[in-house]
């Protein structure tokens, strides 16, 4: 009996480790996709303009492109189950409800003046659009910081904390909307967005 209990405990711990490793791997793929795609384009340009023989160049290009395709297919496989969330985000009523919940949460725990509320609302709308298109198009779009931080530029203080609180509400709602077990992908995207808007050392 004791032996069985130990075996069960080890098996459970092993599954948790595997799941955590899977989450980390997924997060790493999502976080590095855009950078990888930009860098690989530079590599392709360098190879195409090099002085190596045409046969060698074509073989190298084929290998690089095959690797890029495999990477993209893995990314698409990760994102496909989240399309339910993309569909939810495409509805204006859902967007408005999401933003309203986020602002209510921010107001309950932070100081958000009426002066900055319109800009902050627009910033959150832009965040939703970024998330929606990343999921819908199976792509990790560049985060143009200026598009999401107009409220900070207008003088709103404690921006990092306010945005994190609001986007955490997004994350919680997406977990309710998404397919169980797959909302993690959306969660990774939101974490990535927060990190890009307010980089942590």
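The values are calculated or read from the model by the stated rules, or taken from the named source; none is laboratory data. Model, not experiment: these values are computed from the prediction. FYI the Cβ positions are ideal-geometry reconstructions off the backbone, even for glycines, and counts take in every protein chain you see.
Here are some residues: 140, 112. Which one is in contact (Cβ under 8 Å) with a residue 12 or more places away in the chain and more than 30 Å from residue 45 (Cα to Cα)? Give the derivation first.
Working: 140 fails: more than 30 Å from residue 45 (Cα to Cα).
Of 140, 112, the one residue that is in contact (Cβ under 8 Å) with a residue 12 or more places away in the chain and more than 30 Å from residue 45 (Cα to Cα) is 112.
Working only within the stretch 127-140, note down all residues that are touching a helix residue (DSSP H, G or I) at 6+ places or on another chain (Cβ under 7 Å) and either closer than 12 Å to residue 186 by Cα or modelled with pLDDT under 85 (or both).
Kept after step one, since they are touching a helix residue (DSSP H, G or I) at 6+ places or on another chain (Cβ under 7 Å), are these residues of the stretch 127-140: 127-128, 130-132, 134-136, 138, 140.
Selection gives 128, 130, 131, 132, 134, 135, 136, 138, 140.
Among the residues of the stretch 151-182, how many are over 13 Å from residue 198 (Cα atoms), over 17 Å from the mean Cα position of the chain (by Cα) and modelled with pLDDT of 85 or more?
Qualifying residue count, the stretch 151-182: 1.
Please work out if residue 151 is part of a helix (DSSP H, G or I), in the same structural domain as residue 189 (by TED's automatic domain parsing) and loosely packed, with under 15 Cβ neighbours inside 10 Å.
Working: part of a helix (DSSP H, G or I): yes; in the same structural domain as residue 189 (by TED's automatic domain parsing): yes; loosely packed, with under 15 Cβ neighbours inside 10 Å: no.
No; evaluated as a whole, the condition is false for this residue.
Look at residue 123 and say whether it is over 30 Å from residue 73 (Cα atoms), surrounded by 13 or more Cβ atoms within 10 Å (Cβ to Cβ) and either more than 13 Å from the chain's Cα centre (by Cα) or not assigned by TED's automatic domain parsing to the domain that holds residue 74 (or both). Step through it out loud before you land on a result.
Values: over 30 Å from residue 73 (Cα atoms): yes; surrounded by 13 or more Cβ atoms within 10 Å (Cβ to Cβ): yes; either more than 13 Å from the chain's Cα centre (by Cα) or not assigned by TED's automatic domain parsing to the domain that holds residue 74 (or both): yes.
Yes: the conditions hold for residue 123.
Going by the conditions given, is residue 82 at pLDDT 70 or above, out of contact with any strand residue (DSSP E or B) (no Cβ under 7 Å at 6 or more places or on another chain), closer than 28 Å to residue 128 by Cα and assigned to a helix (DSSP H, G or I)? If you could, list the steps in order and put the result at the bottom.
Values: at pLDDT 70 or above: no; out of contact with any strand residue (DSSP E or B) (no Cβ under 7 Å at 6 or more places or on another chain): yes; closer than 28 Å to residue 128 by Cα: yes; assigned to a helix (DSSP H, G or I): yes.
Here the answer is no, as residue 82 does not meet what is asked.
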